[in-house]
1. Output the residues belonging to segment 196-230 that are more than 13 Å from ligand 2 (Cβ to nearest atom), of a type outside the set (S, T, N, Q) and not in a helix (DSSP H, G or I).
2. Counting only residues that are within 16 Å of ligand 2 (Cβ to nearest atom) and not in a strand (DSSP E or B), which one in segment 112-132 is nearest to D410 (Cα to Cα)?
3. Residues of segment 180-195 being open to solvent by less than 50 Å² (accessible area, probe 1.4 Å), outside any loop (DSSP other than H, G, I, E, B) and out of contact with any helix residue (DSSP H, G or I) (no Cβ under 6 Å at 6 or more places or on another chain), which ones?
4. Among the candidates A5, A20, A43, which residue alone is loosely packed, with under 14 Cβ neighbours inside 10 Å and more than 23 Å from D393 (Cβ to Cβ)?
5. Does any residue of segment 71-78 turn out to be open to solvent by less than 10 Å² (accessible area, probe 1.4 Å) and either closer than 26 Å to R383 by Cα or touching a helix residue (DSSP H, G or I) at 6+ places or on another chain (Cβ under 7 Å) (or both)?
6. Quick one: in segment 210-268, which of the residues that are among the small types (G, A, S) and open to solvent by less than 40 Å² (accessible area, probe 1.4 Å) is nearest to ligand 1 (Cβ to nearest atom)?
7. Any residue in segment 37-54 that is in contact with a helix residue (DSSP H, G or I) (Cβ under 6 Å, 6 or more places away or on another chain) and not aromatic (F, W, Y)?
Amino acid sequence: MLIRASLLSAPTLQELHFEADGGLVVDGMGTIADAGAFDAVSARHPGLAVEDLRPFWILPGLVDLHAHLPQYEAVAADGLELLPWLERHIYPAEERFSDGAHASATARKYLNDALALGTTTTVLYATIHAEATDAIFREAEACGIRAIIGKTMMDRHAPEALLEDTETSLKESEALCRAWHGKDGGRLHYAFTPRFAPSCSRELMIGAGRLARKYDAFVQTHLAENLQELEWVRGLFPEADCYTDVYRRFGLLGSRTLLGHGIHLLPSERKLIREHGCSLVHCPSSNAFLQSGIMPLRRWLEEGLTIGLGTDVGAGPSLSMFREMGGACTASKLKRAAQHLQSARLREVGGLTEDQKARLSEALDLDPLPALDATGAFHLATRGGARALGFGDRLGALEAGFDADFLVVDVRLSDPFGQVSADPAHVLSRLIYRSDPRLVQSAYVRGRRCFHRA
Ligand code: GUN
Ligand code: ZN
């Protein structure tokens, strides 16, 4: 198949690749065989039938690195911060996943909605229920989305109905990993999922880390999201130097570890994360919704941390990664605006030495870099997210040799006059800041059309 359309991708945080009249060839294995200017591509593949999709644009599929599928029904329940919100709104929704049929129905709806909004790779928390986790995998297998999924592990500090025995949790997780990790040529993967330090015993975390290494599977958990949570972790694990050190001690930090949030991190923790090759998942909509804080994203990217984006549904109010990109830009701009104010105040304070000012500036977490822009956010939601998964050489680009995970998008829906602007950076900015829920016309994973707008 040779598709004719405009092609847009972001190979780095600063660069856009744009081909106004582009051609994309997908082979029978679901790999991009060729991409570039239409004339050149069609000349290299003279016999191929052309599917002319103009004026639609083709974008790489979006990568959502952190979401809780069972929380879909509890999405956007406002008014509380993390810990009371979990108790009041989230745990009751997760308890309902003891019903396998309910889990299947929710999964079918969630995954189709995610594809319709452009997510072709999703990394999901299930609940403690093995049957529900298996049901989510089966729905993902059927609908064609690329997915990394894990049964949430909790053996303390949760409601009775969501507590499991340590051994059972490890056994059931291992069985699910054996059933699903690497399935369908690597489209589906398993993530060992100790929810977060407060809901896991030391034995459970040690066991999860050991199993992840045994099967070369992913690990996902939450880190340093909320200040009350930080206090709790300090009290529960007095032996650890810091929150990240808890996970290090129990063997959970590795190159396939995804750490959700990580807003409140000391320089020493960021060093640990870098040294172990873990990825951070930035969830700006969720962090605003639960009043958790704002990650100094630009500075941490500059420090060399690997970071991708996640919706964190149900704390994130939408499944849309277009909206999440907008959220990331807005959060970054607010961080920068707050920093202007703090810098101005700091200049006004008399009697401080330069050294004291420098230390204060560091303690205030000031981010001196320009805010994240649409190109940067688009990169994080595509190639950057793929890199966070260790798939940077296969996913997130419209280049020969990459998996054919891509979207067909009607960019006119974000334009105030329903037109196609000549400036690709401006079009992208509108896709992100004026995202329309009908933007995505079709979504492809490995060349298979998984969603099509009728
Ligand atoms: N920390 C532990 N569990 C959760 C969860 O379900 N959502 C969020 N946002 N943070 C958590
Ligand atoms: Zn989460």
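The values are calculated or read from the model by the stated rules, or taken from the named source; none is laboratory data. What you see is a predicted model, and the numbers here were worked out from it, not measured in a lab. Note: ideal-geometry Cβ built from the backbone for every residue, glycine included; neighbour counts use all protein chains shown. What goes into the accessible areas is simple: the full protein's heavy atoms, side chains included, and nothing from ligands, DNA or RNA. Shrake-Rupley method; radii C 1.70, N 1.55, O 1.52, S 1.80 Å.
1. Answer for segment 196-230, where residues must be more than 13 Å from ligand 2 (Cβ to nearest atom), of a type outside the set (S, T, N, Q) and not in a helix (DSSP H, G or I): C200, D216, A217, F218, V219.
2. Restricting to residues being within 16 Å of ligand 2 (Cβ to nearest atom) and not in a strand (DSSP E or B), the top hit is A114.
3. If the condition is that a residue be open to solvent by less than 50 Å² (accessible area, probe 1.4 Å), outside any loop (DSSP other than H, G, I, E, B) and out of contact with any helix residue (DSSP H, G or I) (no Cβ under 6 Å at 6 or more places or on another chain), then G186, H189, A191, T193 are the ones that fit.
4. A43
5. yes
6. Only one residue fits best here, namely G260.
7. No: zero hits.
Here is a yes/no grid of residues against (1) under 24 Å from T121 (Cα atoms); (2) of a type outside the set (F, W, Y); (3) surrounded by fewer than 22 Cβ atoms within 10 Å (Cβ to Cβ):
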residue: A288; (1), (2), (3): yes, yes, yes
residue: E303; (1), (2), (3): no, yes, yes
residue: G308; (1), (2), (3): yes, yes, no
residue: M321; (1), (2), (3): yes, yes, no
residue: M325; (1), (2), (3): yes, yes, no
residue: A328; (1), (2), (3): yes, yes, no
residue: T353; (1), (2), (3): no, yes, yes
residue: A358; (1), (2), (3): no, yes, yes
